[in-house]
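Working notes, beginning with the structure itself.
The values are calculated or read from the model by the stated rules, or taken from the named source; none is laboratory data. Predicted, not measured: the structure shown is a model, and the values here were computed from it. Reconstructed Cβ throughout: ideal geometry from the backbone, glycine too, with neighbour counts over all protein chains shown.
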C-alpha cells in the first residue's frame with residue numbers, strides 16, 4: 001500500500017537538484033510523483049503543467065513590447081508537442097534559482113533556444129514514460145502530439161492534463177550530459193517554431209488587464225519624490241531644511257539617507273509639493289562646469305594624444321602599411337549623447353519588511369537589481385524579490401537599478417511601502433545616456449585600390465564597471481564591439497580610449513554597434529570613393545570570409561535596385577554589419593534612399609530596404625516587427641536625437657526639446673527580407689538600428705556630394721557640410 005503524502009510533506013521534502021535544466025523530484029518513501037502530492041507538475045524551472053491541460057511557460061525575460069514571451073513559449077510548445085491553445089505564460093518573481101535574469105543585447109531567443117528545447121524534450125520524455133508505464137507498454141510504442149500521449153498500436157491516448165492529474169510520473173534527474181544527448185527536431189519538422197502564432201501578451205494589453213510597474217498599489221503605501229542634485233554626477237548634500245515642506249497638506253516625512261533626499265506624501269501631488277518646498281543646499285561637485293563643448297575638446301585631445309590606451313584590434317603592421325600606401329584617407333566621426341526615452345517613466349513600488357525587500361516594477365536586469373539592493377541594505381540576495389511587471393519601453397534603460405534602489409532605501413527609512421514615480425523631466429535628467437563618442441580613422445590603399453591599412457582610435461565612456469566589469473586591460477567590450485569588424489584587411493589597429501566626463505552613460509538599444517558601425521561603414525564608403533570602386537563591390541571583395549554577410553549585402557543591393565538613377569538631391573546609401581555579437585552575429589544589411597533639401601538641410605528618408613540572416617526564425621511576425629521597429633529607432637537616433645550638456649547636467653528635459661521620429665516622418669516604404677536558414681537563431685531587436693546611421697550618411701553623400709560625419713544629421717550640420725563642399 002502506497003504511503004499517503006499530504007501537501008505539507010511534499011513541500012518539506014520536494015527538492016530540485018540544481019537549477020536551470022536539472023530535473024529531479026524526491027518524495028519521502030516513493031519514487032514517483034502522485035496526484036495526491038500536488039495538483040501541478042513542474043518538470044523544471046521553465047514550465048508548469050496542470051490537470052486542466054494547460055502548460056504555463058515561465059518567462060525570465062522582460063516583456064517591453066517585443067513579444068519575447070510568445071517566441072519563448074513557441075520554443076517550448078514545439079518540443080513538448082503542446083497544442084498552442086493550451087499554452088500560457090507568466091513572468092516569475094526573481095529568485096537566485098532562476099540563474100541570470102537579464103533582457104538585453106538581443107540575447108533572449110539566442111541564449112534560451114537550446115535550453116528551452118531540451119527542457120521541453122525532457123518533460124515530454126517523462127510524460128511518455130508515465131503513460132507507457134500506466135498502459136504497461138514500451139515507451140517506444142508511444143508518441144506525443146497536440147497535448148496528448150498516444151499508444152500507436154492500439155490508439156489509446158491520455159491528455160497531458162490526465163497524466164498530470166491521475167498518472168504517477170517517475171522521478172528522474174537529468175544531468176547536463178543527459179540533456180545534451182536528447183534529440184531535437186530538425187527545422188523541417190517544426191510545426192510551431194517558424195510559424196505564425198498570436199501574441200500572448202496582446203489580449204490583456206487590449207482589454208486593460210495588463211499590469212505595468214506604474215499600476216501597482218499596496219495597502220498603506222505613500223508616495224516619494226526625490227530632490228535630485230543640480231549636476232548629474234558628484235554633487236553632495238550639505239544641508240536640508242524641510243520646515244516649509246511640513247506645511248504641505250498630505251506631507252508625511254522627509255527622508256535623508258546619505259546624498260539621497262526625498263519627501264513623502266499621501267498622494268503623488270503632495271509628495272511633489274513637499275519635495276519642491278524642501279531647501280537643499282548642495283556642493284555641486286567637480287562636474288559643475290562640464291558642457292558639450294568641454295567634452296568635445298577633451299575627446300579631440302584624447303584622440304590625438306593618447307598613445308597608451310590598450311588595443312582592441314591589432315593585426316599586421318599598420319604604421320608600415322600606411323607609409324607604403326598609394327593613397328591615404330583620414331576622417332573623424334562624432335556621435336552625441338542619446339537618451340533611452342521610454343514611454344513609461346521610471347517607477348517602482350518598494351516594501352521593506354521583516355528583512356525582506358519586495359520590489360514591484362518592470363525590470364530588464366533582475367539579477368543586477370537583486371545584487372544592488374542586497375549590497376545597499378546589507379541583506380542576502382534571496383531576501384530581495386523583484387515582482388516583474390510589463391515594461392512600458394526599455395531600450396536598455398531598465399537594466400539600471402537606480403530608481404529601484406532609491407525606492408527601497410526610502411521604504412526602509414519610511415517603515416511603510418513607497419511608490420516612486422519620476423516625472424518625464426526627472427527621467428531625462430537622471431538617464432544613463434548612450435556615450436558621446438569620437439572616432440578617428442585612417443586608411444591606406446595600395447596601387448590597385450585594395451584596402452591594406454586600417455587605423456581607428458575610438459574614444460568613449462564605459463558603463464561596464466556597473467555590470468560585468470572591465471576586462472584585464474580595462475576595456476568594456478560592450479562599448480567597443482563593432483569596431484572589430486569582419487572585413488579582410490591585412491593590417492588593422494583599433495585603440496580603445498576610455499574618457500569619463502561626469503555624465504552617466506549606459507547601454508542604449510544597439511549599444512556600441514550603433515556608433516562603431518556608423519564610423520566603420522561610412523569610412524568604408526569614403527575609401528570606396530577614393531578607390532573609385534562601387535561601394536557594394538568594394539565591400540564584397542573584403543567579405544570572402546563572411547559569406548553570410550556578403551549574401552545579405554547582395555540581397556539588399558538587389559532589392560533596393562542599387563545603381564538605379566534617382567532624382568536630383570536624392571541618394572541611395574548602403575551599410576552591412578555583424579551586430580550584435582561578432583562571435584554569433586545577426587548578419588544585416590540596409591539600403592536607405594533619402595532626399596536632402598539643399599536650402600534647409602532637412603533630410604527625409606523615403607525608403608528603407610533591410611536584409612537579415614538571423615538563423616532560425618521562431619516567430620515570423622514578431623521578427624518582422626522587431627526589425628521594422630529597430631530601423632525606425634535607428635532613423636530617430638540618426639536624424640533627431642541629441643542630448644547636450646551645460647553646467648554638468650543635460651539641457652533637454654522633455655519631448656518638446658528632445659525630438660523623436662513621429663508617425664508622419666516614417667518612410668513610405670520599409671522592406672524587411674529574411675534569409676531562409678536552418679542555422680542556430682540569433683538576435684533581432686537591435687541589428688537593424690546599427691545599419692541606419694551609416695547607410696543614411698552614405699545616402700546624404702550620394703545625394704549631395706557632402707559628407708556629414710556627426711550624428712544626428714541635423715539640418716545645420718547638413719548645411720555646414722554642403723557649404724564646406726563648395
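So, residue 65, is that one touching a residue at least 60 places away in the same chain (Cβ under 8 Å), crowded, with 23+ Cβ neighbours inside 10 Å and not assigned by TED's automatic domain parsing to the domain that holds residue 356 or not? Show your work before the answer.
Details: touching a residue at least 60 places away in the same chain (Cβ under 8 Å): yes; crowded, with 23+ Cβ neighbours inside 10 Å: no; not assigned by TED's automatic domain parsing to the domain that holds residue 356: yes.
Spelling it out, it is not the case that residue 65 is touching a residue at least 60 places away in the same chain (Cβ under 8 Å), crowded, with 23+ Cβ neighbours inside 10 Å and not assigned by TED's automatic domain parsing to the domain that holds residue 356.
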_All positions within the stretch 102-118 that are assigned to a helix (DSSP H, G or I) and within 9 Å of the chain's Cα centre (by Cα)_ = 108
_Answer residue from the stretch 645-677, given it is closer than 29 Å to residue 618 by Cβ and more than 24 Å from the chain's Cα centre (by Cα) and is surrounded by the most Cβ atoms within 10 Å (Cβ to Cβ) among those_ = 667
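Taking the stretch 323-338, which residues are farther than 30 Å from residue 634 by Cα and crowded, with 19+ Cβ neighbours inside 10 Å?
325
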*asked:* Can you list the helices (runs of 4 or more DSSP H) lying wholly within the stretch 510-629 that have 3 or more residues being closer than 26 Å to residue 665 by Cβ?
replied: 513-531, 547-559
*Are any residues in the stretch 598-629 touching a strand residue (DSSP E or B) at 6+ places or on another chain (Cβ under 9 Å) and surrounded by 24 or more Cβ atoms within 10 Å (Cβ to Cβ), and if so, which ones?*
603, 605, 608, 609, 610, 611, 612, 614, 627
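Determine, yes or no, whether residue 223 is out of contact with any helix residue (DSSP H, G or I) (no Cβ under 6 Å at 6 or more places or on another chain), surrounded by 14 or more Cβ atoms within 10 Å (Cβ to Cβ) and closer than 17 Å to residue 406 by Cβ.
Working: out of contact with any helix residue (DSSP H, G or I) (no Cβ under 6 Å at 6 or more places or on another chain): no; surrounded by 14 or more Cβ atoms within 10 Å (Cβ to Cβ): yes; closer than 17 Å to residue 406 by Cβ: yes.
No.
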*For residue 367, all conditions in the list (1) part of a strand (DSSP E or B); (2) surrounded by fewer than 20 Cβ atoms within 10 Å (Cβ to Cβ) hold save one; what is the number of the exception?*
(1)
_Please pick out the residue among 471, 446, 427 that is in contact with a helix residue (DSSP H, G or I) (Cβ under 9 Å, 6 or more places away or on another chain) and under 28 Å from residue 633 (Cα atoms)._
427
*When residues of the stretch 370-390 are filtered for being in contact with a helix residue (DSSP H, G or I) (Cβ under 6 Å, 6 or more places away or on another chain) and not in a helix (DSSP H, G or I), how many remain?*
3
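Every residue, every condition in (1) surrounded by 16 or more Cβ atoms within 10 Å (Cβ to Cβ); (2) outside the structural domain of residue 470 (by TED's automatic domain parsing); (3) closer than 30 Å to residue 334 by Cα, yes or no:
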position: 251; (1), (2), (3): yes, yes, no
position: 254; (1), (2), (3): yes, yes, no
position: 258; (1), (2), (3): no, yes, no
position: 297; (1), (2), (3): no, no, yes
position: 302; (1), (2), (3): yes, no, yes
position: 309; (1), (2), (3): yes, no, yes
position: 313; (1), (2), (3): yes, no, yes
*Only one of these conditions is not met by residue 301: (1) within 33 Å of the chain's Cα centre (by Cα); (2) farther than 30 Å from residue 445 by Cβ; (3) without any contact (Cβ under 8 Å) to a residue 60 or more places away in the chain. Which number is it?*
(2)
*Which members of the stretch 474-496 meet the condition of being in contact with a helix residue (DSSP H, G or I) (Cβ under 6 Å, 6 or more places away or on another chain), over 22 Å from residue 102 (Cβ atoms) and surrounded by 22 or more Cβ atoms within 10 Å (Cβ to Cβ)?*
483, 485
*Here are 87, 75: which of them is crowded, with 17+ Cβ neighbours inside 10 Å, over 24 Å from the mean Cα position of the chain (by Cα) and closer than 30 Å to residue 359 by Cβ?*
87
